[in-house]
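See structure below.
Nothing in this text is a laboratory measurement; each read-out follows from the coordinates by a stated rule. What you are looking at is a predicted structure, and each value in this text was computed from that prediction instead of being measured. Every residue, glycine as well, gets a Cβ built from its backbone with ideal geometry; the counts of neighbours run over all protein chains shown.
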Amino acid sequence: MKEFIPIKPLSTAVLFLVFNRLDTTKQVFAQIKKAKPPRIYIASDGAREAKTGEEVIVEEVRDYVIQNLDWECEVKTLLRDENLGCKVAVSSAIDWFFEHEDMGIILEDDVVPTQSFFWFCERMLQEYRNDSRVMMISGTNYMLDIRDQIKKDYFFSRHFTIWGWATWKRAWKLYDVKIPTWRTEIQPANINFISNEAYITKHFENTFDLIHQNKMNTWDIQWVYTCLFNYGLCLTPSINMISNVGVNGTHTTGNVTDSHYLKTYNFESIDRIKLNSIVYPEQFYDEGLHIEKTLPAYRKDFFMRLLKTLRIYEITRSTYRFFK
């Protein structure tokens, strides 16, 4: 990977979300430390009571970060005594961040950025600060060869990837973790603008239903919802600048996928990045990701629903036979 040498110090604040994994936290923090943001916000949820010894690990992570802040910077901390869980802890930490900042960079404890990521976000935050069509900036690009296809330094997408990202207070203030407008002001039919493929719209409908019914302890799907139904876009680099080095993100659980441990790159010069004259979603990228990500997710969801239905059917049939 080519080395990135910034021509000026970073001026943008960073929110660093940490929890209970010292190994990945060190990797991410090493890049933050190298970038030397002038203001850093550190947020950590409290340990879970059911996890014996977790309070010690959580404290170790907090101590490591705070004790290694060895550059001149303003530091603010939000260190929870109690465990709030992913949904509340992360969303409220971002609320807190934007109580103090108009724009900023957000990193979780398992997404390792390259150095050009920080300055890329900084420039794009400035360039699009007053453009309500752009809701966020991502450092992740899942299609490593797209630059050859689109011939641009960055593009716009309806995939809102939060593995290393940045946004503005103006965008985050539209966020509501409970998505109360779902199935009241916004109906499933309103999803059709995302895609003509029925499986895609059905996947979003099912997922938003689970969130609205408080059956998922997460915060990021609500952000996707916010961006989509404010007809916003995600500014995405034509190179990938983020590697997810953890199976479990902050408070989340999952499996290693092809999206983890992606090869990362640096822009040689942020100042030489050519600004796009048109703000419009890149269809090639969006359709490609729907095939790679949304379709497998929909198939898994459909399969689990089918199994649940079959189990209910078998229980009902067995009960009927018992009482017959």
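With K and R counted +1 and D and E -1, the other residues having a Cβ less than 9 Å from that of LEU10 yield a net charge of +1.
For the range 131-143, 3J(HN,Hα) computed residue by residue from phi via the Karplus equation (6.51, -1.76, 1.60; θ = phi - 60°) reads 9, 5, 5, 9, 9, 7, 10, 10, x, 9, 10, 6, 9 Hz, glycine and proline entered as x.
Taking 19 Å as the straight-line reach from the Cα of LYS178, the aspartates and glutamates in range (excluding those fewer than 8 positions away in the same chain) are ASP95, GLU205, ASP209, ASP220.
Please state the equivalent ellipsoid semi-axes for the range 33-144: what are the square roots of 5 times the Cα gyration tensor eigenvalues, largest first, in whole Å? Intermediate values should be presented prior to the final figure.
Numbers: eigenvalues 148, 58, 44 Å².
Equivalent ellipsoid of the range 33-144: 27, 17, 15 Å, largest first.
Using a cut-off of 9 Å between beta-carbons, work out the net charge of the residues near GLU101 (Lys and Arg +1, Asp and Glu -1, GLU101 not included). Intermediate results must be reported in sequence, preceding the final value.
On the way: positive: ARG39, LYS169; negative: GLU99, ASP102.
For residues surrounding GLU101, the net value is 0.
Listed cross-link partners LYS76/LYS169; LYS26/LYS76; LYS173/LYS215; LYS202/LYS263; LYS34/LYS151 are compared with a 27 Å cut-off, the Cα-Cα value being larger for LYS202/LYS263; LYS34/LYS151.
Within a Cβ distance under 12 Å of THR25, other residues only, what is the Lys/Arg minus Asp/Glu net charge? Charge balance in the 12 Å sphere: -2.
Database remark: amide H of GLU108 closer than 5 angstrom to the amide H of LEU17, GLY164 (H placed geometrically; neighbours at sequence offset of 5 or more, or on other chains; Pro and chain starts carry no H). Quote the relative contact order of the range 28-104 in percent (integer), defining contacts as alpha-carbon pairs under 8 Å separated by 6+ residues. After rounding, I find 42 percent. Put a plus charge on the Cβ of each Lys and Arg, a minus charge on the Cβ of each Asp and Glu, and nothing anywhere else: the dipole of the chain about its Cα centre is then about 1000 debye.
Counting only C-alpha contacts under 8 Å and six or more residues apart, can you give the relative contact order of the chain as a whole percent?
Values: 532 pairs, mean separation 73.6, N = 324.
Relative contact order comes out at 23 percent.
What shape does the range 29-97 have by the C-alpha gyration tensor, where a ≥ b ≥ c are the square roots of the eigenvalues, rounded means a/c under 1.5, and otherwise prolate means a/b greater than b/c and oblate the rest?
Here the range 29-97 falls in the oblate category.
Based on C-alpha pairs under 8 angstrom that are at least 6 apart in sequence, the range 1-155 has a relative contact order of 31 percent. Shape analysis of the range 149-212 places it in the oblate category; the axes a ≥ b ≥ c from the Cα gyration tensor give an a/c of at least 1.5, with a/b not above b/c. Taking the helices alone, the chain has a mean residue ellipticity at 222 nm of -12000 deg cm²/dmol, built from -39,500 (n - 2.57) per DSSP H run of at least 4 residues and averaged over all its residues. At 0.36 nm per residue, minus the direct Cα-Cα distance, what do ILE5 and ALA30 gain on full extension? Give it in nm, one decimal, please. Extra length available between ILE5 and ALA30 comes to 7.4 nm. 3J(HN,Hα) along the range 144-150: 5, 9, 5, 4, 5, 7, 9 Hz, from the Karplus curve 6.51 cos²θ - 1.76 cosθ + 1.60 with θ = phi - 60°, whole Hz, x for Gly and Pro. Sorted from longest to shortest, the spans of the Cα atoms of the chain along the three principal axes equal 80, 50, 36 Å.
Computed from phi, the 3J(HN,Hα) profile of the range 268-281 under the Karplus parametrisation 6.51, -1.76, 1.60 (θ = phi - 60°) reads 5, 8, 6, 5, 8, 5, 8, 6, 7, 7, 10, 9, 7, x Hz, with x in place of Gly and Pro. Taking 12 Å as the straight-line reach from the Cα of LYS36, the aspartates and glutamates in range (excluding those fewer than 8 positions away in the same chain) are ASP70, GLU72, GLU74.
Taking the longest Cα principal axis of the chain as reference, the axis of helix 86-100 is set at about 30 degrees. On C-alpha positions alone, give me the angle between the axis of helix 22-35 and the longest principal axis of the chain, in degrees, nearest 10. With rounding to tens, the tilt is 40 degrees.
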